[in-house]
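Let me begin by presenting the structure, written as structure tokens, before commenting on it.
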Amino acid sequence: MAVKGWQRAQDPALLVLTSLAAGPMHGYALIKDIESIAHVTLGPGTLYGVLNRLEEQGLVEPLAAEERRRPYRLTGAGAAALRERLLVTSKVATVGLRRLGTAHA
Amino acid sequence: MTGPAKLTLLSLRTYPAWWQEHYREEMEALIDALTKEGRSSLRISLNLLGGSLRARILGTGAPASRQLWSRRTQTALLIATLPWFAMIPLVAIFSANSGEYGYFHGSQGARLPRAGVYAHNFESIVFGLAVVSFFIAVFGWSRLHDGLAKGEKKGWLPRASLVAAIFGAGLVLVALPYGLYTATARYCFGNIGTRTSFHCVMKPHGLTIAQVLAFTGLALLVVAFVLAPFVIARAVRRCDLPDISLRSGSRVATVFSTLFAFMAVAISGCGVAAALQPIPLKGMSYYLERSALGGWYILLAAAFVSLAVVSSLGTFSARRSYRRMIALEG
């Protein structure tokens, strides 16, 4: 049974970084990609709040604007931070799943 | 342009200038795309308002300009401290409508029930904190006044406020004692100007000159009190406060927001405790907000909580901006 509100607990910054790992994207493409990979809808205020923070931390950078849309891409530091975070998450997920498997066996 | 689209555009305009310079165009493109897809404009607007509030409070991504962060600190200090001017009338409403409510069944030694005692204590805490906040406000004003630009040409607003305050205080001090105690009935002309009305046979009608003057004085004081936050806001926005004023301002704001938070808790606690009292028995008294306030008590408590939240957000933003400003100097 799915617990309501559980998916909202996902970190938008992690979702944006994960999405940008596929290559440069502008705002709309990011929202659509995050919806497809995590079933989470980010509003424009949330998305640009996250992009702003990540930009200031040097984890993403803007590219030249295409008409009104400006794509963003992951920086080297952003890729490293994402890899580190995903490894930890993956380890937690593996342990959690193994324990669940043992408990429910 | 449709209503919801206008709302979205207005929400986007609530972002700070530096943010709009950087992101506005691409955000507009994104909002256009989302709206064409049939997403709710209201939801988008609410999300934008939340983002705008975050951007204003945190200032993440704002240019590394000392002047900008100094101005941000000043604005945040105003947001943190000006709620005091709204808090004081609320305390007056609370004070006029709360208290121990009579002794039932004529018992002289009537006592409050336990919940009533708690309500009474909470009420005392609110008044105590209001008095402390007054002294903090005077201290804060004295520190702020030192930092305001000297010799600047003053507009009509500060003058009007000052004149209203001086005349109001004068009239109240001179006339109020007479206004309060002088007989008011035309049957008691002989008593006007004296401090007694006990010789009046009939219930007095109308106002004496002393009372008219006293009420005029009170009205002028109210005008001065209402104008004061605008005068302060205008004076602060027109000048660049020195670092020392910003630092002491941040401290005053912290104390203010803490006091407001305690007052909001105490007022809420008072309401809850009053509601928990049992029906008064013989020999018991009863604490409650009078019927004039009644169900509005919840709104009063909500107003206190809202002001406390606004002040806390302002304080948080002021302290953050001040630290950033100092870091930029280094």
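The values are calculated or read from the model by the stated rules, or taken from the named source; none is laboratory data. Since the model is a prediction, treat every value here as computed from it, not as a measurement. Cβ sites come from the backbone with ideal geometry, for glycine too, and all protein chains shown count toward neighbours. What goes into the accessible areas is simple: the full protein's heavy atoms, side chains included, and nothing from ligands, DNA or RNA. Shrake-Rupley method; radii C 1.70, N 1.55, O 1.52, S 1.80 Å.
Brief remarks follow.
- Extended-chain gain in nm, criterion 0.36 nm per residue less alpha-carbon gap, B:Arg251 and B:Ala96: 52.7 nm
- Using a probe of 1.4 Å on the protein chains alone, the accessible area found for A:Thr46 is around 40 Å².
- Packing around the peptides B:118-130, B:53-65, taken as the average count of other Cβ atoms within 10 Å per residue, puts them in this order, highest first: B:118-130, B:53-65.
- Note on A:47-54: average number of Cβ atoms from other chains within 10 Å of each residue's Cβ is 6.
- Theoretical gain in end-to-end length, B:Leu162 to B:Glu329 [0.36 nm per residue, Cα-Cα removed]: 56.4 nm
- Here the spin labels are modelled as points 7 Å beyond Cα on the Cα-Cβ line, and at B:Lys6 and A:Leu14 they lie 4.3 nm apart.
- With only Cα atoms counted, the range B:1-48 has Rg and Dmax values of 10.2, 30 Å.
- Of the accessible area of the range A:6-103, computed with a 1.4 Å probe over protein heavy atoms only, carbon and sulfur atoms account for 57 percent.
- Take the accessible area of chain A alone and of chain B alone, subtract that of the pair, and you get about 1900 Å² summed over both chains, using a 1.4 Å probe.
- When B:Glu28, B:Glu37 are compared by accessible area at a 1.4 angstrom probe, the order from most to least is B:Glu37, B:Glu28.
- Once the Kirkwood radius over Cα pairs is known for the range B:1-87, the Stokes-Einstein relation at 25 °C and 0.890 mPa s delivers a diffusion coefficient of 169 µm²/s.
- Just so you know, the Rg over Rh for the range B:223-265 is 1.08, from Cα atoms, with Rh as the Kirkwood radius.
- For the range B:1-145: rounded, prolate or oblate by the Cα gyration tensor [a/c cutoff 1.5]: oblate
- Heavy atoms of B:Arg237 accessible to a 1.4 Å probe, total area in Å² rounded to 10: 140
- Distance distribution P(r), the range A:6-103, all Cα-Cα pairs, bin width 10 angstrom from 0: 15, 45, 27, 9, 3, 0 percent.
- Number of partner chain Cβ atoms within 10 Å, mean per residue of A:56-63: 1
- Residues in the range A:6-103 average 57 Å² of solvent-accessible surface per residue, probe 1.4 Å, ligands and nucleic acids excluded.
- Solvent-accessible area assigned to carbon and sulfur over the range B:1-130 amounts to 61 percent, based on a 1.4 Å probe.
- The mean number of partner chain beta-carbon atoms within 10 angstrom of a residue's beta-carbon across peptide B:20-26 is 5.
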